[in-house]
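To start, the structure under review is shown below, and the notes come after it.
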Amino acid sequence: MRRLSTAGRYAVLISFLAIIIAPFYWIVITSLKPASELGDYPPSLIPETWTLDHYREALVDFGFLENLFNSMIVSVSATIIVLIFSSMAAFAIAKLPLPNKYPMMVGLLILSMFPPVTVAPAVYIMLNNLGLLNTYTGLVIPYIAFNLPFAVWLLRNYFVQIPTSLLESARVDGANVFTIFYKIYLPLIKPGLFTAAIFTYIATWIEFFLALIINSDPSMRTVSVGIALFSGPYSIPYGTIFAGSIIAMLPIVILTVIFRKGIISGLTGGAIKG
Amino acid sequence: MSNRTKNVNQQPLHHRPWKKNVPGYLMVLPAFLVLAAIMFYPIFYTIRMSLNNVDISSSGYIFDFIGLQHYIDIFTNSVYWDSIWLTFYFAFVTVAVEIVLGLLIALAINKVKRLLNVSLVVMLIPWALITVVSGQMWSYIYNAVYGVLNYVLETLHLIDSPIAWLATPDTAVISMMIAEIWKTTPFVVIILLAGLQMVPKDQYEAASMDGANVWQQFWKITLPAIKGSIAVSIIFRLLQAFGVFDLPFVLTGGGPGNATQPVAMLAQKSLFQNLNFGLGSAISVSVVFFIIMLSITFYPLIRSVVKGES
């Protein structure tokens with residue numbers, strides 16, 4: 001086995017990036033082709049005529065604007081509440097005396113990996129009994145539960161890095177634990193809060209299973225359900241689907257590009273400094 | 001960290017031992033309540049439903065206890081076992097390919113200096129991609145009549161005539177796996193790159209001086225150093241792949257026949273298309289069982305993740 005030359009390394013990197021990007025290129029191009037070109041074979045690799053018709057169809061005719069609005073409300077609400085609950089729990093686990101911290105962390109890790117289908121039957125019936133199907137609240141509550149475990153994990157790692165001496169000296173001065181948490185520790189882990197917020201926002205924005213069963217009413221659908229259930233009278237309207245997809249992807253792509261450093265350090269425990 | 005926690009524990013302010021835990025309990029409480037209401041309680045409620053015939057009436061749900069009948073029904077049904085087999089097959093094959101491919105790519109690009117920051121952003125995009133969008137995208141690419149994949153393969157003379165990728169069971173399963181591998185390999189590469197960046201360079205230099213070849217260096221230095229990153233990737237990807245639903249829902253609808261129907265989709269169909277809540281609950285409970293079994297099997301990996309983070 002020989003060491004790979006520098007040129008070889010770049011060749012691997014560029015091919016890998018090309019394989020990632022090619023399908024995206026294809027849906028962008030498809031969304032800009034007129035409907036008449038979509039069924040062509042061989043397909044045209046660049047549109048012969050460029051058009052924004054599919055974007056208008058997605059937003060106006062298919063009511064995709066409503067899906068976007070629903071997703072925005074649900075994701076923002078879930079993110080805010082996840083941040084509040086997870087930062088409190090993470091602070092307690094990292095800095096306060098509590099028994100059984102280790103089993104707690106293992107339990108959270110395992111819970112964070114439970115797929116929604118495991119609780120879906122009961123959650124559906126509970127929400128139905130409470131009259132919360134097809135409401136924002138009905139979707140936000142399970143989203144909070146499914147995103148809490150990971151957020152607690154992430155924020156705990158940030159709190160652990162802050163010296164406990166701050167807590168001790170503030171306590172000696174008579175401040176209570178909640179004030180210390182809110183006034184001293186929380187501002188110090190702002191980067192962690194951003195990262196947790198981005199993870200939760202993206203996870204809830206792309207979630208499909210729960211959104212499909214809980215908010216199935218067309219007026220309450222989120223973007224992922226909207227995109228999955230897009231259908232035309234005769235054939236699958238791919239141009240419109242991809243126009244809608246690109247609009248739905250824009251907010252999270254922008255967030256990902258802006259907060260890439262936080263996301264990568266959150267994914268990798270701070271090993272790669274972006 | 002444990003030393004510092006002990007210092008807080010030893011504060012003289014607290015005379016009664018349980019009292020020192022009260023602030024901690026209070027701050028964990030909201031998160032615990034949400035998890036209890038949406039995770040723990042529903043799991044037990046789902047177990048209860050799985051032991052009953054659940055009928056929907058105008059006054060609510062009526063439970064009629066039938067014992068293990070739903071379990072007997074699913075365990076004697078080949079459609080159920082097909083979906084379980086597909087789910088395991090899909091999870092293990094995709095994760096194995098992702099880890100091997102991810103490791104090879106990460107090793108190759110580890111020492112690249114330029115472009116790495118831009119590349120990391122590009123690799124993050126599939127991670128943040130809505131799975132349903134990925135499903136629609138691949139269904140258009142795989143299309144038998146006008147799909148671009150057939151066009152590319154024909155141009156390269158790899159196939160003679162267009163293939164209906166999603167129309168036969170074998171090709172449909174492989175197509176679904178490729179779409180999954182495309183979406184998640186970049187995630188694995190990022191995690192493994194992080195591990196590789198922490199390997200001290202002087203270890204390689206010392207090993208080179210001792211005459212160790214590249215292969216020996218990989219086994220003795222690289223692999224032990226990135227064991228943790230590999231463990232994280234395996235656990236997260238395996239359990240996530242076990243719940244696969246979004247991708248086949250859009251790409252194949254579970255077909256042809258039931259060839260690409262994972263267990264989550266079988267449960268969803270029993271529950272929300274056939275409205276058989278008892279049977280669907282039994283399928284859901286079996287998923288919980290398999291996840292617990294996977295967690296126990298991979299507990300050494302999980303423990304190393306928790307230890308590494310502490």
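The values are calculated or read from the model by the stated rules, or taken from the named source; none is laboratory data. These numbers come from a predicted model, not from an experiment. As a convention, Cβ positions derive from the backbone with ideal geometry for all residues, glycine included, and neighbour counts pool all protein chains shown.
Structural remarks
- Subset of the stretch B:157-177 that is in contact with a Ser or Thr (Cβ under 8 Å, 6 or more places away or on another chain) and among the β-branched types (Val, Ile, Thr) - its residue that is nearest to B:Thr252 (Cα to Cα): B:Val173
- Filtered residue count, the stretch B:64-85, keeping only those that are at pLDDT 90 or above and not in a helix (DSSP H, G or I): 5
- Once the stretch B:100-125 is narrowed to residues that are facing chain A (nearest Cβ under 7 Å) and not in a helix (DSSP H, G or I), the residue that is modelled with the lowest pLDDT is B:Lys111.
- The residues on offer are A:Val82, A:Val152, A:Val117, and the sole one that is buried (at least 20 other Cβ atoms within 10 Å of the Cβ), in contact with a Ser or Thr (Cβ under 7 Å, 6 or more places away or on another chain) and under 19 Å from B:Leu271 (Cα atoms) is A:Val117.
- Answer from A:Ala175, A:Ala203, A:Ala243 - the residue that is in contact with a helix residue (DSSP H, G or I) (Cβ under 7 Å, 6 or more places away or on another chain) and more than 10 Å from chain B (Cβ to nearest Cβ): A:Ala243
- Cβ-Cβ contacts under 6 Å between residues 6 or more apart (or on different chains), taken from a first residue in the stretch B:83-96 that is in contact (Cβ under 8 Å) with a residue 40 or more places away in the chain to a second residue that is of a type in the set (Lys, Arg) and part of a helix (DSSP H, G or I), are listed as B:Val95/B:Arg237.
- Take the conditions (1) part of a helix (DSSP H, G or I); (2) under 30 Å from B:Ala108 (Cα atoms); B:Ala212 misses just one of them, which is (1).
- Filtered by the rule that a residue be part of a helix (DSSP H, G or I) and at pLDDT below 90, the stretch B:126-151 gives B:Trp127, B:Ala128.
- Looking only at residues of the stretch A:9-47 that are more than 7 Å from chain B (Cβ to nearest Cβ) and of a type in the set (Gly, Ala, Ser), we find that the one that is surrounded by the most Cβ atoms within 10 Å (Cβ to Cβ) is A:Ser31.
Conditions (1) buried (at least 18 other Cβ atoms within 10 Å of the Cβ); (2) among the β-branched types (Val, Ile, Thr); (3) more than 28 Å from B:Val305 (Cα to Cα), marked per residue:
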residue: B:Ala172; (1), (2), (3): yes, no, yes
residue: B:Met176; (1), (2), (3): yes, no, yes
residue: B:Lys183; (1), (2), (3): yes, no, no
residue: B:Val188; (1), (2), (3): yes, yes, no
residue: B:Asp210; (1), (2), (3): no, no, yes
residue: B:Ile221; (1), (2), (3): no, yes, no
residue: B:Ile230; (1), (2), (3): yes, yes, no
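- First in the stretch A:27-55 and small (Gly, Ala, Ser), second anywhere and surrounded by fewer than 19 Cβ atoms within 10 Å (Cβ to Cβ), Cβ under 8 Å, 6 or more apart: A:Ala35/A:Asp53; A:Gly39/A:Ser235; A:Gly39/B:Val145; A:Gly39/B:Tyr146; A:Ser44/A:Glu37
- Search result, residues across the stretch A:259-274 that are at the interface with another protein chain (Cβ under 10 Å from one of its Cβ atoms), at pLDDT 80 or above and assigned to a helix (DSSP H, G or I): A:Arg260, A:Lys261, A:Ile263, A:Ile264, A:Ser265
- Of the helices (runs of 4 or more DSSP H) lying entirely inside the stretch A:79-169, those containing at least 3 residues that are more than 28 Å from B:Val287 (Cβ to Cβ) and more than 7 Å from chain B (Cβ to nearest Cβ) span A:136-160.
- Scanning the stretch B:247-258 for residues that are under 30 Å from B:Asp55 (Cα atoms) and either at the interface with chain A (Cβ under 10 Å from one of its Cβ atoms) or in contact (Cβ under 8 Å) with a residue 60 or more places away in the chain (or both) yields a total of 6.
- Among the residues making up the stretch B:285-301, those that are surrounded by 14 or more Cβ atoms within 10 Å (Cβ to Cβ), of a type in the set (A, V, I, L, M, F, W, C) and either at pLDDT 90 or above or under 14 Å from the mean Cα position of the chain (by Cα) (or both) are B:Val285, B:Val287, B:Val288, B:Phe290, B:Ile291, B:Leu294, B:Phe298.
- The residues on offer are B:Leu166, B:Leu196, and the sole one that is closer than 15 Å to B:Val100 by Cα, surrounded by 17 or more Cβ atoms within 10 Å (Cβ to Cβ) and out of contact with any strand residue (DSSP E or B) (no Cβ under 8 Å at 6 or more places or on another chain) is B:Leu196.
Matching residues to (1) out of contact with any helix residue (DSSP H, G or I) (no Cβ under 7 Å at 6 or more places or on another chain); (2) among the polar types (S, T, N, Q); (3) in contact (Cβ under 8 Å) with a residue 60 or more places away in the chain; (4) within 27 Å of B:Phe187 (Cα to Cα):
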| position | (1), (2), (3), (4) |
| --- | --- |
| B:Ala207 | no, no, no, no |
| B:Ala225 | no, no, no, yes |
| B:Arg237 | no, no, yes, yes |
| B:Phe245 | no, no, no, yes |
| B:Lys269 | yes, no, no, no |
| B:Gly278 | no, no, yes, no |
| B:Ile302 | no, no, yes, yes |
| B:Val305 | no, no, yes, yes |
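- Verdict on A:Ile73 being closer than 25 Å to A:Leu210 by Cα, more than 11 Å from chain B (Cβ to nearest Cβ), without any contact (Cβ under 8 Å) to a residue 40 or more places away in the chain and in a helix (DSSP H, G or I): no
- Only one entry in A:Tyr55, A:Tyr25, A:Tyr41, A:Tyr10 is within 24 Å of B:Pro126 (Cα to Cα) and more than 28 Å from the chain's Cα centre (by Cα), namely A:Tyr10.
- Scan of the stretch B:130-163 for residues that are surrounded by 14 or more Cβ atoms within 10 Å (Cβ to Cβ), within 21 Å of A:Phe24 (Cβ to Cβ) and more than 7 Å from chain A (Cβ to nearest Cβ), ordered by number: B:Ser134, B:Gly135, B:Trp138, B:Ser139, B:Tyr142, B:Asn143, B:Gly147, B:Leu149, B:Asn150, B:Val152, B:Leu153
The rows are residues; the columns are (1) over 24 Å from the mean Cα position of the chain (by Cα); (2) modelled with pLDDT of 95 or more.
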{"position": "B:Leu158", "(1), (2)": "yes, no"}
{"position": "B:Ser175", "(1), (2)": "no, yes"}
{"position": "B:Ile181", "(1), (2)": "no, yes"}
{"position": "B:Val188", "(1), (2)": "no, no"}
{"position": "B:Asp210", "(1), (2)": "yes, no"}
{"position": "B:Phe236", "(1), (2)": "no, no"}
{"position": "B:Leu247", "(1), (2)": "no, yes"}
{"position": "B:Gly253", "(1), (2)": "no, no"}
{"position": "B:Ser270", "(1), (2)": "no, no"}
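- The set of residues in the stretch A:202-219 being of a type in the set (Ser, Thr, Tyr), assigned to a helix (DSSP H, G or I) and surrounded by fewer than 23 Cβ atoms within 10 Å (Cβ to Cβ) consists of A:Ser219 alone.
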